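**Student:** My questions will all concern the structure given below.
The values are calculated or read from the model by the stated rules, or taken from the named source; none is laboratory data. Computed from a predicted structure; not experimentally measured. When we count neighbours, we look across all protein chains shown, and the Cβ atoms used for this are built from the backbone with ideal geometry, even at glycine.
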Amino acid sequence: AQKITQTQPGMFVQEKEAVTLDCTYDTSDQSYGLFWYKQPSSGEMIFLIYQGSYDEQNATEGRYSLNFQKARKSANLVISASQLGDSAMYFCAMREGGYNQGGKLIFGQGTELSVKP
Amino acid sequence: GAGVSQSPSNKVTEKGKDVELRCDPISGHTALYWYRQSLGQGLEFLIYFQGNSAPDKSGLPSDRFSAERTGGSVSTLTIQRTQQEDSAVYLCASSDTPGRASNEQFFGPGTRLTVL
């Protein structure tokens with residue numbers, strides 16, 4: 001069965017520093033998608049970045065990049081130049097199935113990031 | 001319309017009562033999802049609609065939970081004979097049919113359900 005593991009319940013980072021949030025996954029599918037979502041204290045889930053299992057390049061979106069190591073089944077999120085507004089819960093998620101398929105997301109337990117001024 | 005909307009934002013009910021939670025997806029999105037988020041269980045998938053049909057209901061925890069979607073738009077999640085363990089935030093999400101590789105899900109603000 002598919003599973004997402006986030007081993008860091010909480011992380012601290014100094015403002016303007018970079019931080020890496022860990023995510024490992026388990027699936028028997030060859031085709032899948034990996035997602036990161038941010039959930040601020042307001043509660044809404046905000047999509048950050050996506051990596052497809054066949055994508056050869058690591059995904060990047062502004063200050064967010066995804067360090068995808070397929071053989072190790074890891075999909076770590078890197079946030080560069082942290083800002084106070086980055087303080088939130090971060091969820092890694094996986095969707096099985098191919099290119100732009102629909103289907104449920106399986107979420108990890110989340111990592112609570114706190115950015116210190 | 002802007003994003004996914006859900007109503008009510010908060011619902012307090014007594015054990016044993018039925019509740020209905022509503023989700024309005026982003027206009028034109030054919031896929032709709034229900035999840036619930038609780039402290040002990042994290043984020044759990046409940047049900048997925050493509051149009052008006054539900055190809056994946058595998059996450060519904062018991063037969064007290066049901067959902068429908070009409071006109072390929074609004075969805076209602078119904079919980080019958082609510083129990084205290086049903087207390088959670090119920091999140092709805094929608095996504096477009098293939099157009100982007102990510103086909104990411106856009107989430108609503110959630111309905112916080114408290115069963116007394």
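**Student:** Of the residues that sit in region A:33-82 and are closer than 18 Å to A:Val115 by Cβ and surrounded by fewer than 13 Cβ atoms within 10 Å (Cβ to Cβ), which one is farthest from the other protein chains (Cβ to nearest Cβ)?
**Tutor:** In this case the residue turns out to be A:Ala81.
**Student:** Still on this model: Hey, among B:Leu77, B:Leu43, which residue is under 30 Å from A:Thr111 (Cβ atoms), within 14 Å of chain A (Cβ to nearest Cβ) and surrounded by 14 or more Cβ atoms within 10 Å (Cβ to Cβ)?
**Tutor:** Being under 30 Å from A:Thr111 (Cβ atoms), within 14 Å of chain A (Cβ to nearest Cβ) and surrounded by 14 or more Cβ atoms within 10 Å (Cβ to Cβ) holds for just one of B:Leu77, B:Leu43, which is B:Leu43.
**Student:** Tell me, please, whether a residue that is in contact with a helix residue (DSSP H, G or I) (Cβ under 8 Å, 6 or more places away or on another chain) and more than 16 Å from B:Phe107 (Cβ to Cβ) can be found in region A:57-68.
**Tutor:** Scanning region A:57-68 turns up no residue that is in contact with a helix residue (DSSP H, G or I) (Cβ under 8 Å, 6 or more places away or on another chain) and more than 16 Å from B:Phe107 (Cβ to Cβ).
**Student:** Could you list, in sequence order, the residues of region B:62-100 that are touching an Asp or Glu at 6+ places or on another chain (Cβ under 8 Å) and not basic (Lys, Arg)?
**Tutor:** B:Ser73, B:Val74, B:Ser75, B:Thr76, B:Leu77, B:Thr78, B:Ile79, B:Gln80, B:Thr82, B:Ser95
**Student:** I need a count of the residues in region B:68-85 that are assigned to a loop (DSSP other than H, G, I, E, B) and either touching a Gly at 6+ places or on another chain (Cβ under 6 Å) or at pLDDT 95 or above (or both).
**Tutor:** Of the residues in that region, 6 qualify.
**Student:** Out of B:Phe45, B:Phe49, which single residue is under 30 Å from A:Ile49 (Cβ atoms), free of Cβ contacts under 8 Å to residues at least 24 places away in the same chain and outside any loop (DSSP other than H, G, I, E, B)?
**Tutor:** B:Phe45
**Student:** Continuing with this model, one more query. Quick one: which residue in B:Asp24, B:Asp86 is free of Cβ contacts under 8 Å to residues at least 40 places away in the same chain, more than 10 Å from every other protein chain (Cβ to nearest Cβ) and buried (at least 18 other Cβ atoms within 10 Å of the Cβ)?
**Tutor:** Result of the check over B:Asp24, B:Asp86: B:Asp86.
**Student:** For residues in region A:15-32 being of a type in the set (Val, Ile, Thr) and not in a loop (DSSP other than H, G, I, E, B), which is nearest to the other protein chains (Cβ to nearest Cβ)?
**Tutor:** The extreme case among them is A:Thr24.
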